[in-house]
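The values are calculated or read from the model by the stated rules, or taken from the named source; none is laboratory data. The structure displayed is predicted, hence computed values, not measured ones. In this analysis, Cβ positions are derived from the backbone assuming ideal geometry, glycine residues included, and neighbour counts consider all displayed protein chains.
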Amino acid sequence: MREYLEIYLCFLKIGSIAFGGGYALLPILQKDLDENRHWATTEELMDYFAIGQCTPGVIAVNVATFIGYKKKGIMGALAANLGFLTVPVILILIIAAFLSNFAELDIVKHAFGGIRVCVCVLIIQAVLRLWKKSIVDKVTLAMAIIIFLLAAVPLPFSVPTALLVVLAGLCGILLGNETRSLKDGDPS
């Protein structure tokens, strides 16, 4: 029971500062779950984010589910989810009760302006950390450039993010097999 409480309290803390969505949360998760608690490596977190992007739901909640499940199975996943969602649900209920007046307050507008700046910085920090671990050679750099162009540059067609993740995974599989074949001396 103590381990479930530890998972709940960990994600309660993380969920209480989860402004800006999953990617803004990555540096916090890396610090707490990788460096401090050693519950998941940075590589595992990156994998969880990739899978969380392709599955229904909020990325951060999906990541909490994966980590809770890794630690203590289904009950660990439930504890992580409950912890992560407790504070946001309470805040949403409070805000909803006063929404018509709340959103128009200058102090709230200014607070959200400050939070947006912080979220941008956290996302940039996450991108830089991911870049160092992910872009390891010319092939991964080329993949990153192509995916960035497909995702960020206005095109006459839209490429769904989930499709980009799946295609990048397939490329990784194919190129990983090619690289392994060349290392093993098998030119086929």
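Residues checked against (1) in the same structural domain as Ala64 (by TED's automatic domain parsing); (2) at pLDDT 85 or above; (3) more than 22 Å from Thr55 (Cβ to Cβ):
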| position | (1), (2), (3) |
| --- | --- |
| Phe102 | yes, no, yes |
| Phe112 | yes, no, yes |
| Leu130 | yes, no, no |
| Leu163 | no, yes, no |
| Leu167 | no, yes, no |
| Leu170 | no, yes, no |
| Ser181 | no, no, yes |
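Tell me the residue from Ala64, Ala80, Ala40 that is under 24 Å from Cys118 (Cα atoms) and outside the structural domain of Leu164 (by TED's automatic domain parsing), please.
Going through Ala64, Ala80, Ala40 in turn, just one is under 24 Å from Cys118 (Cα atoms) and outside the structural domain of Leu164 (by TED's automatic domain parsing): Ala64.
Phe112: over 30 Å from Cys171 (Cα atoms), hydrophobic (A, V, I, L, M, F, W, C) and part of a helix (DSSP H, G or I), yes or no?
Yes: the conditions hold for Phe112.
Return yes when Ile95 is of a type in the set (A, V, I, L, M), farther than 14 Å from Leu25 by Cβ and free of Cβ contacts under 8 Å to residues at least 12 places away in the same chain and no when it is not.
Yes.
How many residues does the stretch 147-171 hold that are without any contact (Cβ under 8 Å) to a residue 24 or more places away in the chain and either part of a helix (DSSP H, G or I) or more than 21 Å from Trp131 (Cα to Cα) (or both)?
17
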